[in-house]
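The values are calculated or read from the model by the stated rules, or taken from the named source; none is laboratory data. Here the structure is a predicted model, which is why all the values come from computation and not from measurement. Don't worry about glycine lacking a Cβ; one is built from the backbone with ideal geometry, like all the others, and counts go over all protein chains shown. The area values use the complete protein model at the heavy-atom level, side chains included, leaving out ligands, DNA and RNA. Shrake-Rupley method; radii C 1.70, N 1.55, O 1.52, S 1.80 Å.
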Amino acid sequence: MLVAAGLILNIISALMTNFFIDDVTRQANELVQQQQNNDKLITLIWQQVETVERKKEYVLELILTSEYQEKPIPTKIKDQVINEINYWLDQEVKELSIDGIPTLMALLNKVQDGRREKINQLYLDNLQLIEEHAGKMKSVSQLRNLALFLQIIGLALVLARDLNWHEHRLEER
């Protein structure tokens, strides 16, 4: 009877490891993967913020140079810059001028603010994922400890029978 109970406890321990612990570990790994994906996305979005900043600087330099030299911006350059700026904006810019700078900068700032907000949200999501991962790992640790405890008790029950059998044999002599 002790051997059967010991074997059952060892089987339960093995099943816990095979099904529960492995499943929770898989879930924890998925959380880490999602966090890494968010980190990559944060990096890409931050590069977009920096790209828009470079566009703003370029447009300012271009317009100020044109104003300083009192020459219009060459049409091909102006059209290319407008196309690049319109890529980032929700509304279309048709002209580059000193008078349009405040509006254009406000639109580009809005783009950057939207990207920064997305970065902030991904960062908060990562904090949540880290917390969930810590909970999963705590659960894995507790399940492993329980499985180990069941294994030890199971082995103790199996050994108890052998020790009991050994004691009976010594008494018979």
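Data table
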| quantity | calculated |
| --- | --- |
| Evaluation of Lys136 against (1) more than 30 Å from Asn18 (Cα to Cα); (2) basic (Lys, Arg); (3) surrounded by 14 or more Cβ atoms within 10 Å (Cβ to Cβ) (one fails), failing number | (1) |
| Condition broken by Gln112, with the remaining ones in (1) surrounded by fewer than 13 Cβ atoms within 10 Å (Cβ to Cβ); (2) at pLDDT 95 or above satisfied | (1) |
| Verdict on Leu124 being closer than 24 Å to Gln36 by Cβ, open to solvent by 60 Å² or more (accessible area, probe 1.4 Å) and hydrophobic (A, V, I, L, M, F, W, C) | yes |
| Selected residue [part of a helix (DSSP H, G or I), open to solvent by 50 Å² or more (accessible area, probe 1.4 Å), closer than 30 Å to Tyr87 by Cα and polar (S, T, N, Q)] from Asn37, Asn18 | Asn37 |
| Count of region 56-103 residues which are surrounded by 15 or more Cβ atoms within 10 Å (Cβ to Cβ) and either assigned to a helix (DSSP H, G or I) or on the phi > 0 side of the Ramachandran plot (or both) | 11 |
| Flag if Leu89 is in contact with a helix residue (DSSP H, G or I) (Cβ under 6 Å, 6 or more places away or on another chain) and closer than 28 Å to Gln128 by Cβ | no |
| Inter-residue pairs, beta-carbon under 8 Å, first outside any helix (DSSP H, G or I) and in region 133-149, second of a type in the set (A, V, I, L, M, F, W, C) and at pLDDT 90 or above, 6+ apart | none |
| Test: Gln48 is touching a Leu at 6+ places or on another chain (Cβ under 8 Å), surrounded by 15 or more Cβ atoms within 10 Å (Cβ to Cβ) and not basic (Lys, Arg) | no |
